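First the structure, in the form of structure tokens, and then the observations on it.
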Amino acid sequence: METVKRFPVDEVSEIQIKSSLSQVNMIAGSGSDIVLRWTDTKRRTTEAALDSKKLSVKDHGAITLYGIIGLIQLKADKELTVELPSEFGGNIQIESRDESVRIVGVTGSSSLRVKTITGAIDISVTDIQHYDLNSQSGAVIMHSVKSGKGIKVSTGNGNIDCFCAEDVSAYLLDCHTEHGKCSLPSLVHRGGKMINIHSQTGNITVGFIDEKREN
């Protein structure tokens, strides 16, 4: 059964999503509403509550009920997607187990924190204040992003690809992989915004709108 809930954006200053079993879609509705969509089953349910301007989304269900094959089928092509009205300016916190997390077109004074276990993190066409992204084994891909204060990304063995739609001179890079490979701009700058990217075994690629990347 699909559930749809709407929340006026001016009543929300923080969003917290904790998802381990469900597929949640958060989109910008007509006007300036935040619209949530998800589908419940007999063995898992999702609830959304707004309290003191904090919008919390959490699912319920025992993972052990599904078994290995059931979980594989449940996770097939699942992703948690977030699109928000431009009027939203609060903090966004997302925790996911195996779902991919996709953030699209979020702009404004927001800060974003995403943590996954095996799910990939995919962020595109966003212009916010700060990014804090972490995955144990999923890849992190950032397309055409801008940041007001900086970007922090870390993975265990997932690859990291970050392309900023800004000049390289605006940033200071701190990128390191222990057993992977780094592809970075040829010139080093000391801009006011930090890009801090670390991986244990994954490859790291960083690019900017005015720079070619070198191996």
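Against the condition open to solvent by less than 70 Å² (accessible area, probe 1.4 Å), in a strand (DSSP E or B) and on the phi > 0 side of the Ramachandran plot, how does Gly150 come out, does it pass? Spelling it out, Gly150 is indeed open to solvent by less than 70 Å² (accessible area, probe 1.4 Å), in a strand (DSSP E or B) and on the phi > 0 side of the Ramachandran plot.
For Leu187, all conditions in the list (1) of a type in the set (A, V, I, L, M, F, W, C); (2) open to solvent by 50 Å² or more (accessible area, probe 1.4 Å); (3) closer than 28 Å to Gly89 by Cβ hold save one; what is the number of the exception? Of (1) of a type in the set (A, V, I, L, M, F, W, C); (2) open to solvent by 50 Å² or more (accessible area, probe 1.4 Å); (3) closer than 28 Å to Gly89 by Cβ, only one is false for Leu187: (3). For the stretch 98-125, the tally of residues that are open to solvent by 40 Å² or more (accessible area, probe 1.4 Å), over 16 Å from Lys193 (Cα atoms) and not in a strand (DSSP E or B) stands at 4. Residue count for the stretch 7-60 satisfying the condition of being in a strand (DSSP E or B) and under 20 Å from the mean Cα position of the chain (by Cα): 24.
Cβ-Cβ below 7 Å, separation at least six or inter-chain, first residue in the stretch 126-150 and closer than 18 Å to Asn196 by Cβ and hydroxyl-bearing (Ser, Thr, Tyr), second at pLDDT 95 or above and not in a strand (DSSP E or B): which pairs? Partner pairs satisfying both residue conditions: Ser135/Gly158. Checked across the stretch 24-46, the condition of being modelled with pLDDT of 95 or more, open to solvent by 50 Å² or more (accessible area, probe 1.4 Å) and out of contact with any helix residue (DSSP H, G or I) (no Cβ under 8 Å at 6 or more places or on another chain) holds for no residue.
Return the residue satisfying two criteria in turn: it lies in the stretch 8-23 and is over 23 Å from Arg97 (Cβ atoms) and open to solvent by less than 40 Å² (accessible area, probe 1.4 Å), and of such residues it is modelled with the lowest pLDDT.
Checking each candidate, the answer is Val9.
If you go through the stretch 153-174 and pick out every residue that is more than 19 Å from the chain's Cα centre (by Cα), surrounded by fewer than 21 Cβ atoms within 10 Å (Cβ to Cβ) and not aliphatic (A, V, I, L, M), you end up with 4. When Thr201, Thr205 are checked against the criterion of being among the polar types (S, T, N, Q), out of contact with any His (no Cβ under 9 Å at 6 or more places or on another chain) and surrounded by 14 or more Cβ atoms within 10 Å (Cβ to Cβ), Thr205 stands alone in meeting it.
The values are calculated or read from the model by the stated rules, or taken from the named source; none is laboratory data. On a predicted model such as this, the values are computed, not experimentally measured, just so you know. For neighbour counting, all protein chains shown are included, and Cβ atoms are generated from backbone atoms with ideal geometry for every residue, glycine included. The protein model used for the area step is the full one, side chains on, heavy atoms only, and it has no ligands, DNA or RNA in it. Shrake-Rupley method; radii C 1.70, N 1.55, O 1.52, S 1.80 Å.
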